[in-house]
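Comments concern the structure below.
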Amino acid sequence: MSDYKINTKCVQGGYTPGNGEPRQIPIVQSTTFKYATSEDMGKLFDLEASGYFYTRLQNPTNDMVAAKICDMEGGTAAMLTSSGQAANFYAIFNIANCGDHVVASSTIYGGTYNLFHVTMRKMGIDFTFVSPDCTEEELNAAFKPNTKAVFGETIANPALTVLDIEKFARAAHAHGVPLIIDNTFATPVNCRPFEWGCDIVTHSTTKYMDGHGAGVGGAIVDSGKFDWLAHADKFPGLCTPDDSYHGITYAEKFGQGGAFITKCTAQLMRDFGSIQSPQNAFLLNLGLESLHVRMPRHCENALAVAKYLKSHPKISFVTYPGLEGDKYYELAQKYMPNGTCGVVSFGFKGGRVAAETFMKHLKLAAIETHVADARTCTLHPASATHRQMNDQELAAAGITPDLVRFSCGIEDAADLIADIEQALAHV
Ligand SMILES: *Cc1c(COP(=O)(O)O)cnc(C)c1O
């Protein structure tokens with residue numbers, strides 16, 4: 001499908017049925033797969049033949065959906081994971097181990113920050129966090145001899161900063177390491193980071209890709225552009241023999257386009273088992289079939305809401321990278337000229353109390369810890385996800401006590417604005 005436009009890939013990518021085969025992707029609800037001889041199966045265990053043997057590692061339904069996401073991003077190989085958290089963990093741990101170091105943008109999803117800063121630190125992996133707005137000098141200064149990757153989010157959740165992908169790719173490549181980007185908020189409909197020098201993309205498919213609040217999931221896509229063998233000393237896991245597969249060297253056997261995902265499946269999925277269920281992969285595919293239709297509406301609604309709030313006397317600030325005058329508007333125009341995402345954040349002149357009052361009176365927008373859903377949802381972090389923090393701690397996390405995150409769904413913008421208007425009347 002690689003010559004087709006993104007809209008066509010969303011609908012038809014990943015699966016082309018033959019004569020008499022199901023039109024919709026089949027759900028292969030089977031833990032295991034049968035073989036005629038032990039020799040046949042042995043070849044799979046040696047990675048000498050490709051095929052399925054156990055759904056903890058690979059499943060045909062998952063692979064069809066992964067192939068669609070791969071096609072949408074313009075990659076060479078992809079895999080699904082059970083969650084976005086698993087995708088980011090696997091993407092990093094596939095190339096950075098105990099004693100290694102990673103440079104990451106400081107404005108990333110809270111769950112990812114915790115994974116890196118607390119849990120992966122316990123595993124002996126060191127992280128340096130840099131502002132996405134840092135200069136090239138500051139960025140280059142963050143690297144160490146043991147740095148193995150650079151990580152950021154196209155549009156950060158919930159900070160809504162836009163990553164200067166080319167700047168981060170330049171620095172990563174100057175130090176012989178790949179740039180990994182979590183493309184959850186933009187989706188490949190609005191931005192394809194590989195076109196700007198990114199090497200590996202991750203997703204929480206739980207968000208826009210699923211889009212209906214139906215299934216938690218994740219994905220990893222390889223661009224196939226990073227030359228592991230040219231930096232073999234940094235990436236022994238890919239460039240030296242794997243004892244657990246009879247001495248296979250992934251970068252040699254599976255090439256630049258296949259090594260990363262094959263190793264990630266064969267080692268990390270085998271050992272950690274964070275596989276997506278085939279049922280969830282099926283639901284994810286239904287979401288993907290309309291992603292290109294939903295994203296423009298999310299963006300259109302968010303822009304209408306952002307414009308309305310911007311001129312409202314009770315609102316102190318509006319953050320939306322698609323809004324002219326936003327700090328990230330120019331970067332967003334460069335990397336996402338067709339739209340950014342549906343999430344807007346804003347604050348109240350009346351502070352925390354005003355935010356709480358506003359939330360109490362919303363009727364259409366539901367209070368949820370979710371974002372990027374077809375139904376509008378909203379959150380007041382200071383009284384929910386960040387409620388243990390005092391005002392100083394909130395400020396350090398880049399969240400003011402009056403901040404509300406508003407994830408515009410695909411309803412009618414006039415109804416969303418009317419809901420906001422009536423809730424604001426109580427403030
Ligand atoms: C939600 C989210 C994640 C985590 O994904 P889960 O599917 O909830 O595990 C990672 N990155 C971003 C940008 C997210 O929004």
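For the reader, a short list of remarks on this structure follows.
- Rg/Rh (Cα only; Kirkwood hydrodynamic radius) as it applies to the range 99-235: 0.95
- Dipole magnitude for the chain: computed about the Cα centre from +1 point charges on Lys and Arg Cβ and -1 point charges on Asp and Glu Cβ, it is near 700 debye.
- Three principal axis lengths of the range 1-131 [C-alpha, angstrom, descending]: 53, 42, 23
- The label-point distance for LEU286 and LYS144, in a model that sets each label 7 Å from Cα toward Cβ, rounds to 4.7 nm.
- Within the range 1-60, trypsin sites (Lys or Arg not before Pro) in DSSP loop having at most 10 other beta-carbon neighbours inside 10 Å: LYS5, ARG23, LYS34
- Our estimate of slack between SER2 and GLU368, defined as 0.36 nm per intervening residue step minus the Cα-Cα distance, is 128.1 nm.
- For the range 82-224, the solvent-accessible area of protein heavy atoms averages 28 Å² per residue (probe radius 1.4 Å; ligands and nucleic acids excluded).
- Simple spin-label estimate for ARG170 and LYS314 in nanometres, 7 Å along Cα-Cβ: 4.5 nm
- Between THR31 and ALA425, the FRET efficiency estimated from the beta carbon spacing at R0 = 45 angstrom works out to 0.20.
- Projected area averaged over orientations for the range 29-77, convex hull of C-alpha atoms, nm²: 3.9 nm²
- In this simple spin-label approximation, ALA214 and GLU137 carry label points 7 Å from Cα along the Cα→Cβ vector, and these lie 5.3 nm apart.
- The alpha carbon centroids of the range 348-402 and the range 165-210 are separated by 28 Å.
- Compared with the direct C-alpha span, the chain from VAL353 to GLU324 gains 7.6 nm at full extension, assuming 0.36 nm per residue.
- Taking the chain as a Gaussian network of alpha-carbon nodes connected by springs under 10 Å, the highest mean-square fluctuation of the residues HIS292, HIS117, HIS380 belongs to HIS117.
- Using a probe radius of 1.4 angstrom, the carbon and sulfur fraction of the accessible surface of the range 292-424 is 54%.
- The smallest convex shape that holds all Cα atoms of the chain, its convex hull, gives 142 Å³ per residue.
- Accessible surface of the range 6-286, 1.4 Å probe, proportion on carbon and sulfur as whole %: 53 percent
- Of all DSSP beta bridges in the chain, antiparallel share, percent nearest 5: 55 percent
- Treating r as the C-beta distance of ARG121 and THR385 and R0 as 22 Å, the FRET efficiency rounds to 0.55.
The values are calculated or read from the model by the stated rules, or taken from the named source; none is laboratory data. None of the values given here were measured: they were computed from a predicted structure. No Cβ is skipped: glycine too gets one built from the backbone with ideal geometry, and neighbour counts run over all protein chains shown. With ligands, DNA and RNA removed, areas are computed over all heavy atoms of the protein, side chains included. Shrake-Rupley method; radii C 1.70, N 1.55, O 1.52, S 1.80 Å.
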